[in-house]
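Heads up, the thing below is written out as structure tokens.
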Amino acid sequence: MGENVVGRSVRRPDLIEKVTGAAEYCVDVTMPGMAHAKIVRSDRAHARITGIDVAAALESPGVVAVVTADDIAALYARFGHIISDHWILATGKVRYYGEPVAVVVAETVAAAADAVELVLVSYEDLPAVMDVDAALAGGAPLVHEQSYDATGDESFQNLSHLEDEADDTEAVLSNIAHEVNVGWGDVDAAFAEAAVVVENTVHFPMLYAYAMEPYNAVASYHEGALTVVSTAQHPYMVRDDLARVFSLPLSRVRVTSPYLGGGYGSKSYTKVEPLASVASWVTGRPVKLTLTVEEAIYTTRVDSARIWVKSGFAADGTILAREFDIVMDSGAYADNSPLVMAKSVNRCFGPYRVPHLRARGRSIYTNTSPASSYRGFGAPQGNLAGETNLDQAAERLGISGADIRRRNLVRKGEEILPGKRGIDADIPADLEMVVESLERDRKDVPYYGIGFGCSASDAGAYPISTAQVRVQIDGSVLVLSGSTEMGQGSRSLLAQVAAEELGVDLSVVTVVQSDTSVTPYERTTGASRTTTLVGLALQRACADARSRLRDMAAELFECSPGEVRDLPGAVAGPDGRELDFGAVVRQWFGGSAGEVTGVGLLRRDGATQKMPPFWEVGMVGVAVEIDPETGVVAVDQLVTVADVGFAINPRAVEGQDLGAATQGLGSALHEELVYDGAQLANANVVDYRVPRVKDLPRKIDLMIAERRDGVGPYGAKGAGEGTLNPIGGAVAAAVARAVGKWPDRLPLTPERVWRLMSSD
Amino acid sequence: MTLPPFALRRPVTLDEALRELTEDSVPYCGGTELLLAMRAGLHRPDALVDLKRIPELSGVRVEDGVLVIGATERHADLATHPVIQERLPVFARMERHIGNARVRSQGSIGGNLCFAEPKSDVATVLMALGASVTLAGPEGRRTASVEEFVVGPYYAEKEPDELLVDVRIPLRDGLRGAYVKFQTMERPTVGVAVLADDAAGWYRLGVGAVGEVPLAWSFGSLGEIDPDEVAAWIDPTPDLSGSEEYKRHVTAVYVRRALAKLEQVSA
Ligand SMILES: Cc1cc2nc3c(=O)[nH]c(=O)nc-3n(C[C@H](O)[C@H](O)[C@H](O)COP(=O)(O)OP(=O)(O)OC[C@H]3O[C@@H](n4cnc5c(N)ncnc54)[C@H](O)[C@@H]3O)c2cc1C
């Protein structure tokens, strides 16, 4: 379609500074007069706090203050954007090992660390619920003895397909943080008619979304205004939480996120910002708080899940009905787990025609570290159940894994969630690409198996986006967006869109992001939304700038605006006279100064009316080769299809897919947080085994399917999460085919595979 | 965690260094273990005595048929040292695969033995080779076999005022050796060394990383080594890299693999 700048793998503008270490991350940021905080954390899972003695700590050299719940009782001392249940500092009791109990503020990090040891917290132990079975047992101790009002994030309702859910029926207190039910048809009748019914249970591990940079923030509360620089993926969401804590107008809270050292969902929503902010509020000084990896693991982890699934099929493999029961261990606070669960329920049954469905999901409070968003939002958990169930059914029916999917996959335009946007992708065609690539390089060796899987996620990208472009007197362009750059390459993508729309050279476009007092509103940077939604807002901002420039040029040309034509980086008048953007701005203002701002607003309207704005397809295949003596699984092939509509920057798409697949392989083969009593046995990256370069598959085939079928700019759709979602199920299926037995849990560590092979 | 404050001493002779050592003033070489322990709050010495400027503690040489390696020699240098590559290739190869690039280019052989981390490769191979260490203290020097020196997890038989000076490995003409390790996490799950001096009828097997300390045995022939029997001799430590049963199993597998690899090695 004749685009010039989009569709090319241009080099990302932040490449060199990131590789050389010159790039500024939050941890590099200082504020004048800054003090340092360290956190006193609970050393037990569940206990009443009977006293906190801060005297010795206050006498320790360099200590400025010790902040406890009592000091912040005048504030709204909780956060949580769905259920505001998360106490900034443990109040009355602690709910998990590692929970912040007090903040020590000192002149140096070392002084704060020393004084942490001197804060004496006395506790009275309470019985703890360390897993979902204990939490759901009759008479189980409650993690929360009160219920909390929802914060009224109305988009939660819209994101989660729960519009008709009745709320606020006075519920009996329990450890169920949130329950979701989705379904249609007559499931029991369909099961009764099925030729084959297949039932299985899978366990998805407790994970840590390892990002190289642990959470950190520096905050300054001064004269009724709060300034925070932090590692927030969604600075605007954090701003809203902080404004509520301090009862400040939104305009008096400024949250800035420099480059993020990885997010993967773990940095979405509020984390350490309230701790640094209340410490500043109490001390009157800017306060910096930097967590260790261990503390970061205790701050947010990924929901583990146990999922029971049952599906009924006709003799030819057609799905008649599916039923799911998902139980997630969400830890001590809800955080984003209710949305994770809502999404898991929507996504577990896959992009298939399911005439009768019953899916129930429960998010459970336990006395473990709180779980929240993770790349894929509940899809990796649910998909493992749905896809392995389908493959086991194929085995029982005597058909191939490809055939059972061919029979049931939805076609373009079909709805998988009633009333939602129909599928905006050709998933059957994507499947053929995966299967063809895997089969082409299939090896004929023992203990070799291939597996593949599909997913379609109703992108949790609620369409509220704004963008601005500011055209300068030299024709260069600033793009302003409230989205965050966390490694995904959004700065190149947004610059490419602006350069394309305005017809200017990429080298004169600069993208400025993630400052709530400077860059325009962006709901979140999650759910693979930036390219699609910010891209649309940015296209509108560029059109708005162009329209203003035409109006100004019309005055200069003394013609009507309709007579001014757009040229790349310039306009032309009726007499053929051309003025570049810089000249229009300079001449209109009548000096060598001024600028023109174009504004783009996006909401649920027109093409983005129907939710979700796009479906994020995940389509992957793997081939594994197993060492039968040790159970070690080597990944021989990794095949992915990025069904992105149009790749604005193909290399960035490939990077997202390889990254997502590798992260998925981590949880499929190595990663798992293990609780040993009240504490984690592996809250560090030596014992929590993340993927390494040497684990990379021998063959990597990252394909891109471009059918211009998305609502985004040039037909684009999001990428970033999708490819992770089906990896777990694909690996499980490949291992099952290699060894002849079905695993029921991830990660497939060497010992687990060896035991699977040795079992009878 | 951040490092707690400490004083740094930088002696340039062995005697000077020995005078500096006390319970609270401890030897420091690459710091790959020591600084981690200090960061974790496990250890808080007042002073670190840097050994890297002491010439007596460095260097690789052959003395009367014995390979002498100075305590401060780093893994990366040992892996590529021409004398070691020529006279004891099995040792050079083991050094090349230790930890990661940062650990290899900073960590020393002396620090490795003195820290006595159970999940190690170095002590396993050294025990199999029948190596010994030289220690210097206020009372003079003494020698101990590596078996006598590395006696427990994180426990080397050494006084706080003693320094490890060098490691001594007796060389054998025509020695064949193989070292294989099973590693899925940051550190090895099991490492197996087999050595054969066919002319002398001298055969050794070392198994390490799997239990609290490496173990080594002598045999009259390779045929006497029964992998399943060896697996029964060890005392595996169960942890996240495997249960006791699994570790015993992979030990037998790796003894078999070490023997198979040795067959490929010519004298
Ligand atoms: C991530 C990681 C992975 C690793 N993987 C492996 C592996 O795969 N295989 C393996 O074998 N090892 C492994 N190691 C261990 C590594 O070999 C040792 O950390 C390193 O050799 C220690 O040497 P150093 O000079 O850094 O010791 P330091 O940290 O400086 O000192 C360690 C201890 O020894 C004492 N000390 C040091 N030198 C002397 C001396 N000359 N005399 C007396 N006392 C002394 C110090 O006081 C201290 O207590 C790994 C380590 C890390 C951190």
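Which members of the stretch A:718-760 meet the condition of being of a type in the set (A, V, I, L, M, F, W, C) and within 14 Å of chain B (Cβ to nearest Cβ)?
The answer is A:LEU748, A:VAL753, A:TRP754, A:LEU756, A:MET757.
Which of (1) open to solvent by less than 10 Å² (accessible area, probe 1.4 Å); (2) more than 14 Å from chain A (Cβ to nearest Cβ); (3) over 16 Å from the mean Cα position of the chain (by Cα); (4) touching a residue at least 40 places away in the same chain (Cβ under 8 Å) does B:VAL165 not meet, given it meets every other one?
(3)
Taking the stretch A:169-210, which residues are without any contact (Cβ under 8 Å) to a residue 60 or more places away in the chain and in a loop (DSSP other than H, G, I, E, B)?
Selection gives A:THR169, A:GLU170, A:ALA171, A:VAL172, A:LEU173, A:SER174.
Counting just the residues of the stretch A:252-276 that are without any contact (Cβ under 8 Å) to a residue 60 or more places away in the chain and open to solvent by less than 10 Å² (accessible area, probe 1.4 Å), which one comes out farthest from the other protein chains (Cβ to nearest Cβ)?
Here the answer is A:GLU273.
Within the stretch A:637-648, is there a residue that is more than 22 Å from A:MET212 (Cβ to Cβ), open to solvent by 40 Å² or more (accessible area, probe 1.4 Å) and of a type in the set (Ser, Thr, Tyr)?
No, because not a single residue in the stretch A:637-648 is more than 22 Å from A:MET212 (Cβ to Cβ), open to solvent by 40 Å² or more (accessible area, probe 1.4 Å) and of a type in the set (Ser, Thr, Tyr).
To keep it simple, each residue is scored yes or no on (1) within 16 Å of A:VAL624 (Cβ to Cβ); (2) assigned to a loop (DSSP other than H, G, I, E, B); (3) within 16 Å of the ligand (Cβ to nearest atom).
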site	(1), (2), (3)
A:GLY666	yes, no, no
A:GLU671	no, yes, no
A:ASP687	no, yes, yes
A:GLY710	no, yes, no
A:TYR714	no, no, no
A:GLY728	yes, no, no
A:LYS741	yes, yes, no
A:LEU756	yes, no, no
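Among the residues of the stretch A:115-164, write down those that are in contact with a helix residue (DSSP H, G or I) (Cβ under 9 Å, 6 or more places away or on another chain), outside any loop (DSSP other than H, G, I, E, B) and at pLDDT 90 or above.
A:ALA115, A:VAL116, A:LEU120
Report yes if B:ASP77 is more than 14 Å from chain A (Cβ to nearest Cβ) and more than 17 Å from B:SER105 (Cα to Cα), otherwise no.
no
Residue check: is A:GLN663 open to solvent by less than 30 Å² (accessible area, probe 1.4 Å) and polar (S, T, N, Q)?
Spelling it out, A:GLN663 is indeed open to solvent by less than 30 Å² (accessible area, probe 1.4 Å) and polar (S, T, N, Q).
Identify, please: which residue in the stretch A:682-707 is among the β-branched types (Val, Ile, Thr) and touching a residue at least 60 places away in the same chain (Cβ under 8 Å) and is, among those, nearest to A:ALA730 (Cα to Cα)?
Per the stated criteria, the residue is A:ILE700.
Given the criterion under 30 Å from A:MET611 (Cβ atoms) and either open to solvent by less than 10 Å² (accessible area, probe 1.4 Å) or not basic (Lys, Arg) (or both), identify the matching residue among A:GLY710, A:GLY740.
Going through A:GLY710, A:GLY740 in turn, the sole match is A:GLY710.
Within the stretch A:596-633, work out how many residues are more than 22 Å from the chain's Cα centre (by Cα) and either in a loop (DSSP other than H, G, I, E, B) or within 14 Å of another protein chain (Cβ to nearest Cβ) (or both).
Summing the residues that are more than 22 Å from the chain's Cα centre (by Cα) and either in a loop (DSSP other than H, G, I, E, B) or within 14 Å of another protein chain (Cβ to nearest Cβ) (or both) in the stretch A:596-633 gives 10.
Here are some conditions: (1) within 14 Å of chain A (Cβ to nearest Cβ); (2) within 10 Å of the ligand (Cβ to nearest atom). B:LEU57 meets all but one. Which one does it not meet?
It fails just one condition, (1).
When you go through (1) open to solvent by less than 20 Å² (accessible area, probe 1.4 Å); (2) touching a residue at least 40 places away in the same chain (Cβ under 8 Å); (3) touching an Asp or Glu at 6+ places or on another chain (Cβ under 7 Å) one by one for B:PRO214, which number turns out not to apply?
(3)
Looking only at the stretch A:664-689, count how many residues are more than 10 Å from chain B (Cβ to nearest Cβ) and farther than 19 Å from A:ILE450 by Cα.
The qualifying residues number 8.
Can you say whether A:GLY718 is open to solvent by less than 30 Å² (accessible area, probe 1.4 Å), closer than 22 Å to A:VAL6 by Cα, assigned by TED's automatic domain parsing to the domain that holds A:LEU431 and out of contact with any Pro (no Cβ under 7 Å at 6 or more places or on another chain), as far as the supplied structure shows?
yes
Looking at A:ALA57, is it modelled with pLDDT of 95 or more, more than 14 Å from chain B (Cβ to nearest Cβ) and closer than 29 Å to A:LEU248 by Cβ?
Against the criterion (modelled with pLDDT of 95 or more, more than 14 Å from chain B (Cβ to nearest Cβ) and closer than 29 Å to A:LEU248 by Cβ), A:ALA57 does not qualify.
When you go through A:ASP426, A:ASP430 one by one, which is the residue that is open to solvent by 10 Å² or more (accessible area, probe 1.4 Å) and either modelled with pLDDT of 95 or more or out of contact with any helix residue (DSSP H, G or I) (no Cβ under 8 Å at 6 or more places or on another chain) (or both)?
Answer to the check: A:ASP426.
List the strands (runs of 3 or more DSSP E) that sit entirely inside the stretch A:464-583 and contain at least 2 residues that are surrounded by 21 or more Cβ atoms within 10 Å (Cβ to Cβ).
Here the list reads A:465-471, A:477-481, A:509-513.
Can A:ASP701 be described as within 14 Å of chain B (Cβ to nearest Cβ), surrounded by fewer than 21 Cβ atoms within 10 Å (Cβ to Cβ) and of a type in the set (D, E, K, R)?
In short, no.
Each row is one residue, and each column tells you yes or no for (1) open to solvent by 30 Å² or more (accessible area, probe 1.4 Å); (2) within 16 Å of the ligand (Cβ to nearest atom); (3) outside the structural domain of B:VAL90 (by TED's automatic domain parsing).
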{"residue": "B:PHE182", "(1), (2), (3)": "no, yes, yes"}
{"residue": "B:GLU186", "(1), (2), (3)": "yes, yes, yes"}
{"residue": "B:ALA209", "(1), (2), (3)": "no, yes, yes"}
{"residue": "B:SER218", "(1), (2), (3)": "yes, no, yes"}
{"residue": "B:PRO238", "(1), (2), (3)": "yes, no, yes"}
{"residue": "B:GLU244", "(1), (2), (3)": "yes, no, yes"}
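For the stretch B:70-82, give me each residue that is more than 11 Å from the ligand (Cβ to nearest atom) and more than 19 Å from B:TYR28 (Cβ to Cβ).
Matches in the stretch B:70-82: B:ALA79, B:THR80, B:HIS81, B:PRO82.
Which residues, taken from the stretch A:298-310, are under 16 Å from the mean Cα position of the chain (by Cα) and among the hydrophobic types (A, V, I, L, M, F, W, C)?
Correct list: A:VAL302 only.
Out of the residues in the stretch B:27-49 that are surrounded by fewer than 19 Cβ atoms within 10 Å (Cβ to Cβ) and away from chain A (no Cβ under 14 Å), state the one that is nearest to the ligand (Cβ to nearest atom).
That would be B:GLY31.
Among the residues of the stretch B:246-260, write down those that are open to solvent by 50 Å² or more (accessible area, probe 1.4 Å) and either within 9 Å of chain A (Cβ to nearest Cβ) or in contact (Cβ under 8 Å) with a residue 40 or more places away in the chain (or both).
Once the filter is applied, which keeps residues that are open to solvent by 50 Å² or more (accessible area, probe 1.4 Å) and either within 9 Å of chain A (Cβ to nearest Cβ) or in contact (Cβ under 8 Å) with a residue 40 or more places away in the chain (or both), the stretch B:246-260 yields B:HIS249, B:ARG256, B:ARG257.
Just the residues that are in contact with a helix residue (DSSP H, G or I) (Cβ under 6 Å, 6 or more places away or on another chain) and either in a loop (DSSP other than H, G, I, E, B) or within 14 Å of chain B (Cβ to nearest Cβ) (or both), please, taken from the stretch A:82-109.
A:ILE82, A:ILE88, A:LEU89, A:THR91, A:GLY98, A:VAL104, A:ALA106, listed by residue number.
The values are calculated or read from the model by the stated rules, or taken from the named source; none is laboratory data. Predicted model, so just to flag it, every value in this text is computed and none were measured. Methodologically, a virtual Cβ is constructed for each residue, glycine included, from the backbone with ideal geometry; neighbour enumeration extends over all protein chains shown. We work out accessible area using only protein heavy atoms, side chains counted, and drop any ligands, DNA or RNA first. Shrake-Rupley method; radii C 1.70, N 1.55, O 1.52, S 1.80 Å.
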